[in-house]
Amino acid sequence: RAGEIRARDNALIRRIDAYIQTHYHRDLNVKMLADMSGITPNYFSHLYKKVMGVGFTERLHSLRVAKARELILHTDMLIYEIGHKVGYSNYSYFIQVFKKLQGCSPAELRKNRKIKL
């Protein structure tokens, strides 16, 4: 039936998501993951969103920001180093994405962490 996800497609996307969770810090993109999956980029994007309930880019950002948050709160690494470590080569973009998802900048998060300690 139309609209149903085949078990094979579901398994494929779950495997790709596991790969993303392990390699989130690398330069990942839809074309690369689609090529790995043997499907077109458009179909990959469609299938990924259908199976995961969220688009690839949104998923990647949320994984990266969650890891960055962890590093900000539990290490003394510099913010730009953290951004780079979680996969953002552009510092400004990292700050922008982090603020959008967390509601504060990495520096504000770290400052508040120090206040609470």
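The values are calculated or read from the model by the stated rules, or taken from the named source; none is laboratory data. Everything numeric here is computed off the predicted structure, so don't read it as measured data. Note: ideal-geometry Cβ built from the backbone for every residue, glycine included; neighbour counts use all protein chains shown. These accessible areas exclude ligands, DNA and RNA; they are computed on the full protein's heavy atoms, side chains included. Shrake-Rupley method; radii C 1.70, N 1.55, O 1.52, S 1.80 Å.
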What percent does the relative contact order of the chain come to when contacts are Cα pairs within less than 8 Å and at least six residues apart?
21 percent
Any idea what angle helix 106-116 forms with the longest principal axis of the chain, computed on alpha-carbon atoms, 0 to 90 degrees, nearest 10?
60 degrees
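For the chain, what is the mean residue ellipticity at 222 nm derived from helices alone (per DSSP H run of n ≥ 4: -39500 (n - 2.57); sum divided by total residues; nearest 500 deg cm²/dmol)? Could you put the intermediate results ahead of the total?
Working: 7 runs with 86 residues, N = 117.
The helix-only estimate for the chain comes to -23000 deg cm²/dmol at 222 nm.
Whenever you get a sec, compute what percent of the accessible area on the chain sits on carbon and sulfur atoms (1.4 Å probe). Display every interim value, and only then the final one.
On the way: 3890 of 7440 Å².
The nonpolar share, carbon plus sulfur, comes to 52 percent.
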Whole-Å semi-axes of the stretch 32-93's equivalent ellipsoid, largest first, each the root of 5 times a Cα gyration tensor eigenvalue?
29, 12, 9
Give me the compactness ratio for the chain, meaning the Cα radius of gyration over 2.2 N^0.38 Å.
1.23
Trypsin sites (Lys or Arg not before Pro) within the stretch 1-78: which are DSSP loop residues with at most 13 other Cβ atoms inside 10 Å?
ARG1, ARG6, ARG26
Cα-based reach from LYS49 at 19 Å (exclusive), listing aspartates and glutamates while leaving out same-chain residues under 8 positions away:
GLU4, ASP9, ASP17, ASP35, GLU58
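List the relative contact order of the stretch 52-117 as a percent without decimals, with contacts defined as Cα pairs under 8 Å and 6+ residues apart. It would help to have the intermediate numbers written out before the result.
Numbers: 39 pairs, mean separation 19.6, N = 66.
Relative contact order of the stretch 52-117: 30 percent.
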Accessible area in square angstrom per residue, the chain, 1.4 angstrom probe:
64 Å²
Roughly how many Å² of MET36 are accessible to a 1.4 Å probe, to the nearest 10?
100 Å²
Computed about the Cα centre, the charge dipole of the chain from +1 Lys/Arg and -1 Asp/Glu charges at the Cβ has a magnitude in debye, to the nearest 20, of 300 debye
Between the residues ILE82, ASN112, VAL97, the Cα farthest towards the positive end of the dipole of the stretch 75-117, that dipole coming from +1 and -1 charges on the beta-carbon of Lys, Arg, Asp and Glu, is from ASN112
